[in-house]
Amino acid sequence: MATGKGNAVKAVLNTLDVRDLSVSPGGEFVLSIPKLAIKSGHILCLAGPNGSGKTTLIEALAGLQGIVSGSVNLSGKNWLDTNLRHTRAQLGYIPDDERWFIPELTAHEYLKLMAQVYADAKSCDKSTIINRSRELGQALYFKQFDQPLLTLSHGNKKKVQIIAGLMHQPDVILVDEIRNGLDPLAIIAVEEILRIEAKRGAIIIAASHDLWWSQRLATDIVLLMEGRLIVQATTKSLIAKHGSIESLFLETMKQSLGAKA
Amino acid sequence: MTGGLLGAMVFNTFGRGSNRPKQATVRRLAGLAGLLIIVALVTFRVISSFELPPNLPIGWLFCLTILTTQLIVIVSTLLARPAMITAKSSLSDWLIVVPLLAHQRWLAWHMPTLILVGLITGSVIPSFMSLAMRAGLPIPLFVLATSLGVISGLGAGTYAIAGKWWLSLGVLTAYTIGLWQIFEKASLTIGYDSLQTQMYLGIVLALILVPYIWLSRMVATIHQGLVSRTLKNRYQSRRASGLPWLLTAFFRKAALRTTTYTSLAIGAVLAIAIKWQGIPVGDGAPLVWVASLLVAISITDLRGLAETHNPPEIVAIRGTSAYLQQLVLAAYLYGTLIALPFIYLAVTSGASKGQFFVSLVIHLALAVALGTLIGSILVPTRRDISGQFLAGLLCLGGLLGLAKLPVQISQPGDTGSLLLLVTFVVMVFVIMIEKGRNNYSWRSN
């Protein structure tokens with residue numbers, strides 16, 4: 001499987017530091033994260049029931065949600081300042097939204113545009129990024145580079161988003177339900193790619209409802225409920241204590257429902 | 001990179017819905033250009049036969065050119081809007097995440113609008129240019145006035161104020177008339193003979209006008225910072241006991257801030273113009289009507305916002321009547337804020353200031369209730385231009401209707417106005433119940 005391992009650029013050792021983060025996407029829901037630090041090379045999986053704030057947290061870290069209070073820093077720099085181009089070029093964002101690109105372009109044109117944007121922002125060579133996009137395409141079994149994005153299937157659109165999100169070898173990778181729409185082969189490939197990215201030194205934060213996938217992939221788990229951080233620990237310690245992430249999830253849900261009743 | 005990005009944005013807007021977006025973009029833009037050439041020829045023909053009165057003051061021509069250009073640009077931005085709104089939400093998010101410089105992001109987002117505005121404006125401006133030349137406006141002043149019109153029109157069209165087209169137009173008109181007064185006064189003092197003086201005055205105007213465009217954005221940004229410091233945690237309801245809390249919560253929304261700044265700007269321009277020119281206001285009847293209309297329209301916006309925006313503090317409210325109490329209180333506080341320039345006029349004006357003030361207070365009280373009622377019926381939301389327009393018309397109709405009622409609403413001591421006010425509030429309550437507002441986030445137990 002060609003995943004760009006050979007061309008991998010080692011990520012700078014970083015820590016994404018979230019402090020007293022409060023996000024209000026609308027309505028009465030408020031996401032509150034008092035403290036969360038994710039180190040370089042770690043894969044953090046966000047788990048929680050529907051509406052617990054997983055996507056809100058991912059979007060907030062991507063700069064798409066208005067922050068009510070608190071801060072997010074990447075090695076001391078304000079991560080949420082969307083005008084810090086060089087810092088923001090370290091972000092790889094793969095949302096759970098199939099409209100997340102310019103559908104009127106072909107996959108090749110879109111990836112070329114993204115390569116140019118990242119090359120400008122990171123002051124690096126565009127051809128390196130394009131080569132990397134080809135490697136990722138190969139790894140994900142994606143071939144329809146010359147097809148307009150709007151005519152691609154849901155899964156293939158997702159593959160383009162993954163390629164666009166990872167082609168510039170970002171230091172922080174945010175993914176939301178990355179498995180949605182992908183075929184089993186691509187799911188295995190994505191898992192492998194994320195592991196390689198983590199080994200390279202990237203910080204990976206993934207939101208997923210698939211707890212077994214999270215358990216397999218993550219080094220750390222965060223369990224959210226109604227916008228609050230309920231559990232934050234390493235996957236190993238949680239498995240040792242609860243048997244599996246699924247057990248932890250069910251126990252916590254029962255406790256929460258019991259408390260409400 | 002910018003070229004590729006801008007091209008992508010253009011294809012995204014004009015090629016939408018086609019399986020061959022690039023060809024569709026070229027075809028659609030060429031069709032539009034053809035249509036606009038016909039418009040340009042017709043406009044030129046019509047305007048060629050039109051003559052302005054001779055010996056118009058240059059200041060007048062200058063301001064007329066600014067206003068006309070603003071109008072053309074705002075109307076073209078309005079025409080471009082439907083093309084921009086569809087399916088753009090994820091694209092705006094995309095532009096935030098992609099590492100771009102601020103100006104690249106701005107340009108990418110507005111590029112399609114700028115193309116449309118450029119095409120439409122370009123098709124009619126030459127006709128107006130010929131008219132202004134014939135009327136005696138020097139070319140440098142025409143260029144300056146057109147540039148100012150384009151910049152301010154675009155500013156109004158593309159920034160926060162854009163949500164309220166009719167207000168944008170109103171405030172720009174009022175603002176330009178205010179500037180015209182400055183220009184006229186300065187020109188009368190200095191004289192029209194020197195082109196250099198005129199240019200100097202034009203630049204002074206530019207220095208005043210252009211910052212105005214960015215003002216609402218700037219204030220909004222500052223406000224955002226203030227909110228960030230005050231809104232600390234999930235359980236904001238603890239703070240909900242303070243009297244103006246609901247209004248404070250609504251002020252977190254840019255839409256309401258924009259309405260406020262615009263309404264205050266209109267009131268302030270009027271107040272300044274009246275004070276400056278020393279215009280006698282008498283019993284203030286026309287001003288009372290303007291103030292009432294402005295307040296009623298602003299309140300419909302506040303009411304509309306109340307339907308769509310649930311601040312976190314709302315969890316502390318128990319039931320519809322409790323919410324209505326808070327809403328009415330917020331509406332009256334907000335109405336007072338909007339009417340401040342008029343209240344100032346009423347307090348400081350000449351002989352009939354007592355009558356002016358009383359009439360103003362009674363009308364404002366009714367206007368707030370009327371605005372709340374109309375806002376409850378219609379619920380105008382942001383970007384709902386037709387809804388806002390209709391709400392404005394209903395307010396106007398409602399205020400005119402009040403004047404026709406047998407009750408003497410401007411007389412102190414008359415119970416008719418109080419009765420009307422209570423009736424409006426009760427109607428709002430009934431509408432809220434009928435609309436099943438229990439879906440709101442306040443607790444019903």
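The values are calculated or read from the model by the stated rules, or taken from the named source; none is laboratory data. Because the structure is predicted, anything quoted here is derived from the model rather than measured. Positions of Cβ are generated from backbone atoms using ideal geometry, with glycine treated the same way; all protein chains shown enter the neighbour counts.
For A:VAL18, are the conditions met, namely being of a type in the set (A, V, I, L, M) and facing chain B (nearest Cβ under 8 Å)? Walk me through how you get there before you give the answer.
Numbers: of a type in the set (A, V, I, L, M): yes; facing chain B (nearest Cβ under 8 Å): no.
The answer is no for A:VAL18.
If I filter region A:126-149 for residues that are facing another protein chain (nearest Cβ under 8 Å), at pLDDT below 90 and buried (at least 19 other Cβ atoms within 10 Å of the Cβ), do I get at least one hit? Lay out the reasoning, then the answer.
First, pick out the residues of region A:126-149 that are facing another protein chain (nearest Cβ under 8 Å): A:148.
Those left that are additionally at pLDDT below 90: A:148.
Add one more test, that the residue is buried (at least 19 other Cβ atoms within 10 Å of the Cβ), and what stays is A:148.
Yes, because at least one residue in region A:126-149 is facing another protein chain (nearest Cβ under 8 Å), at pLDDT below 90 and buried (at least 19 other Cβ atoms within 10 Å of the Cβ).
From the list B:LEU394, B:LEU390, which residue is at pLDDT 75 or above and not aromatic (Phe, Trp, Tyr)?
On the way: B:LEU390 fails: at pLDDT 75 or above.
Just one listed residue meets the conditions, B:LEU394.
Filter region B:252-290 for residues that are of a type in the set (D, E, K, R) and closer than 16 Å to B:PHE342 by Cβ and give the result. Can you show your working first?
Start the filter on region B:252-290 by keeping residues that are of a type in the set (D, E, K, R), which leaves B:252-253, B:257, B:275, B:283.
Of everything in region B:252-290, those that are of a type in the set (D, E, K, R) and closer than 16 Å to B:PHE342 by Cβ turn out to be B:LYS275, B:ASP283.
Could you tell me whether any residue of region B:335-344 is buried (at least 16 other Cβ atoms within 10 Å of the Cβ), at pLDDT below 75, assigned by TED's automatic domain parsing to the domain that holds B:VAL288 and not basic (Lys, Arg)?
The answer is no, given that none of the residues of region B:335-344 is buried (at least 16 other Cβ atoms within 10 Å of the Cβ), at pLDDT below 75, assigned by TED's automatic domain parsing to the domain that holds B:VAL288 and not basic (Lys, Arg).
Is it the case that region A:190-198 has a residue that's surrounded by 17 or more Cβ atoms within 10 Å (Cβ to Cβ) and in a loop (DSSP other than H, G, I, E, B)?
For region A:190-198, residues surrounded by 17 or more Cβ atoms within 10 Å (Cβ to Cβ) and in a loop (DSSP other than H, G, I, E, B): absent.
Looking at B:GLY31, B:GLY17, B:GLY3, can you tell me which residue is surrounded by fewer than 12 Cβ atoms within 10 Å (Cβ to Cβ), over 30 Å from B:LEU100 (Cα atoms), without any contact (Cβ under 8 Å) to a residue 24 or more places away in the chain and not charged (D, E, K, R)? It would help to see each step written out before you state the result.
On the way: B:GLY17 fails: over 30 Å from B:LEU100 (Cα atoms); B:GLY3 fails: over 30 Å from B:LEU100 (Cα atoms).
After ruling out the rest, the residue left standing is B:GLY31.
Picking from A:VAL72, A:VAL30, A:VAL68, which residue would you name as being at pLDDT 80 or above and among the β-branched types (Val, Ile, Thr)? Walk me through how you get there before you give the answer.
On the way: A:VAL30 fails: at pLDDT 80 or above; A:VAL68 fails: at pLDDT 80 or above.
Result: A:VAL72 is the single residue among A:VAL72, A:VAL30, A:VAL68 that is at pLDDT 80 or above and among the β-branched types (Val, Ile, Thr).
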